[in-house]
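Working notes, beginning with the structure itself.
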Amino acid sequence: MQKMYENEGRELIRIFKNVSEAGQDLTLILDIDKIVKPLGDKLLELGAGIILIKCGTPGLYYRTGSEKVLIRLEEKLCFPLSGWVEREGFEQSYVPEQVLSGTGAGEGASCVESYDALSGLRTLEKIQLKIAKGWKKHPLI
């Protein structure tokens, strides 16, 4: 594994390029602990207070900064963030009933079920009902 990160990650780049050329989804081979979390560390180190890293079909990695950083954000946003200090997790994405288009795919499972980014959107109430009924999620990566 260490070899993948040597020489500015050239081996990792080669692997990703081969996977991409084979028509596979690169996000399906992401290692959360070895690739995504270190990226989160770096983003927080650079000063981000809240980060979201989209990991394709599997879902979304989130992480928040220290209390000091979030207090600064609270002041700018005029929104309380005290319950979000130093939190981290991975939220699996929902499995769409059908995929008609990739337009709007970054916004959720509902958006890919139509040919445009808007007509597949559901109301919050309909989404909550679907979740309550056991809307299936993609497996973790």
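All of the numbers you see were taken from the coordinates with simple rules; none came from a lab. Worth saying up front: this structure is predicted, and the values here are computed from it rather than measured. All Cβ positions, glycine included, derive from the backbone under ideal geometry; neighbour counts span all protein chains shown.
On full extension, the segment bounded by I71 and D33 gains 10.9 nm, given 0.36 nm per residue less the C-alpha separation.
Distance between the modelled labels on A22 and E6, one decimal in nanometres: 2.3 nm (7 Å Cα→Cβ projection). Working note: Debye formula, equal point scatterers on the alpha-carbon atoms of the chain, no solvent; log10 I(q)/I(0) at q = 0.12, 0.19 Å⁻¹ is -0.67, -1.20.
Report the calculated FRET efficiency for A48 and L140 (r = Cβ-Cβ distance, R0 = 30 Å), to the nearest 0.05. Don't jump to the answer; show the numbers that get you there.
On the way: r = 24 Å, r/R0 = 0.79.
Result of the calculation: an efficiency of 0.80.
Label positions at T57 and S101, each projected 7 Å from the Cα along the C-beta direction, are separated by 2.1 nm. Full extension of the chain between K130 and C78 yields a length gain of 15.5 nm, computed as 0.36 nm times the residue separation minus the alpha carbon distance.
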